Amino acid sequence: MTSRPRTAGGPDTATVSARQDLVEATRALASAVGRTGVDEARMRGLAARLRELVPDLEESRLPRVPRTAFADAVGAPDYAWQRDNPALPGVEIRFVEGMAHAELPDGLDHLFEGPEDLVHGGVAAMLMDVVLSSLVQFHGIPCVTASLTVEFRRPTPLRRALTLTGRLDEVHERKALASGTVLYEGGVTIEARGVFVRVDRGRPGTG
C-alpha cells in the first residue's frame, strides 16, 4: 500500500512507512506460522524467540492501533482501512466519481479461509462493510452500520486478485443506503447492501 502522511501533528512519513514495514512483516510471519509444518522442537524454539521481541515493542505503547481519522476520509481520493493492524487485511480504498474501489492484487491469505481454498464469508462481509461505510463517510456523512445484507453468488477463491466496489444509493435525513460487490475475474461473487445511520462525529465508531 502507498504511504501518505497522517493528519497534522501525527507521525511523519518516515515513521508511517516504518510502521507499515513492521506490519507487513508481521502479516507475513502470521501467514508462515499458520501453515508451518516444522517439528515440535523447532516450534517451541521459534515461539521463545518471538516472545523475546514483545518487550522491545512494548517499550512505547500507543492507546490504540493507529487509523485514518474521519476528517481525512471526507472528500479524500483514498482511505486506508486498518493499514496498521497486522491482524486484519489492510485495504486501500479509492474514491472515483463518488464510488469506492479497492483492489486486492494478491487476494486474501489462507489465514482468512472458510471452506477449503475459499474466502470465509464472515471476512468477506467485514470487507464489504468497510468499503460501504467508508464510502458513506467519504460523502461527509458520519455513520455507523445499522444493517448489512450479504448475498454469496459464487465462491470467492483465496490468493486470487479481487476487486471490491461500492456505490451510494440513497441519502436521507438520518440514514444512507449503499451497495457493493466483490469481483473475481470480472464476475460478481458477493453482493452487499448496507444501511448506515448518522451519528454525532464525536461518538465511538465515527473516526
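The values are calculated or read from the model by the stated rules, or taken from the named source; none is laboratory data. Note that the coordinates shown come from a computational prediction; the quantities given were computed from them, not determined experimentally. Positions of Cβ are generated from backbone atoms using ideal geometry, with glycine treated the same way; all protein chains shown enter the neighbour counts.
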Count of residues meeting criterion [surrounded by 15 or more Cβ atoms within 10 Å (Cβ to Cβ), in contact with a Ser or Thr (Cβ under 7 Å, 6 or more places away or on another chain) and within 23 Å of T26 (Cβ to Cβ)] in region 103-124: 4
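Of all residues in region 61-72, how many are in contact (Cβ under 8 Å) with a residue 12 or more places away in the chain and either of a type in the set (S, T, N, Q) or assigned to a loop (DSSP other than H, G, I, E, B) (or both)?
Residues of region 61-72 in contact (Cβ under 8 Å) with a residue 12 or more places away in the chain: 65-72.
Now drop any that are not either of a type in the set (S, T, N, Q) or assigned to a loop (DSSP other than H, G, I, E, B) (or both), which leaves 65-69.
So the count comes out to 5.
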Tally, over region 53-72, of residues that are surrounded by 13 or more Cβ atoms within 10 Å (Cβ to Cβ) and either polar (S, T, N, Q) or more than 19 Å from the chain's Cα centre (by Cα) (or both): 1
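What's the total number of residues in region 73-109 that are outside any strand (DSSP E or B) and within 16 Å of the chain's Cα centre (by Cα)? Explain how you work it out, then say what you get.
Residues of region 73-109 that are outside any strand (DSSP E or B), as a first pass: 73-77, 82-90, 97-98, 105-109.
From what's left, within 16 Å of the chain's Cα centre (by Cα): 73, 82-90, 105-109.
Result for region 73-109: 15.
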Number of positions in region 86-118 that are touching a Pro at 6+ places or on another chain (Cβ under 8 Å) and within 14 Å of T181 (Cβ to Cβ): 1
Residue ID - farthest from G98 (Cα to Cα), chosen from residues in region 172-192 that are at pLDDT 95 or above and among the small types (G, A, S): G187
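Determine which member of the set V188, V197, V144, V136 is surrounded by fewer than 17 Cβ atoms within 10 Å (Cβ to Cβ) and touching a residue at least 60 places away in the same chain (Cβ under 8 Å).
Working: V188 fails: touching a residue at least 60 places away in the same chain (Cβ under 8 Å); V197 fails: touching a residue at least 60 places away in the same chain (Cβ under 8 Å); V136 fails: surrounded by fewer than 17 Cβ atoms within 10 Å (Cβ to Cβ).
Of the residues listed, the single one that is surrounded by fewer than 17 Cβ atoms within 10 Å (Cβ to Cβ) and touching a residue at least 60 places away in the same chain (Cβ under 8 Å) is V144.
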Single match in L22, L46, L50 (criterion: at pLDDT 90 or above and under 14 Å from A87 (Cα atoms)): L22
Filter pass, A176 being over 19 Å from L88 (Cβ atoms), crowded, with 18+ Cβ neighbours inside 10 Å and either touching an Asp or Glu at 6+ places or on another chain (Cβ under 9 Å) or of a type in the set (V, I, T) (or both): yes
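Would you say E24 is over 29 Å from G140 (Cα atoms) and part of a loop (DSSP other than H, G, I, E, B)? Show your work before the answer.
Working: over 29 Å from G140 (Cα atoms): yes; part of a loop (DSSP other than H, G, I, E, B): no.
No; evaluated as a whole, the condition is false for this residue.
Identify, please: which residue in region 125-164 is assigned to a loop (DSSP other than H, G, I, E, B) and touching a helix residue (DSSP H, G or I) at 6+ places or on another chain (Cβ under 8 Å) and is, among those, farthest from E113 (Cα to Cα)? If you could, list the steps in order and put the result at the bottom.
Here is the first cut: in region 125-164, the residues assigned to a loop (DSSP other than H, G, I, E, B) are 139-142, 153-156, 158-161.
Then keep just the ones that are touching a helix residue (DSSP H, G or I) at 6+ places or on another chain (Cβ under 8 Å); that gives 142, 156, 158-159.
Values: P142: 32, T156: 10, L158: 7, R159: 10 Å.
Checked region 125-164; the qualifying residue farthest from E113 (Cα to Cα) is P142.
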Given (1) closer than 17 Å to P89 by Cα; (2) charged (D, E, K, R); (3) surrounded by fewer than 17 Cβ atoms within 10 Å (Cβ to Cβ), index of the condition D129 fails: (3)
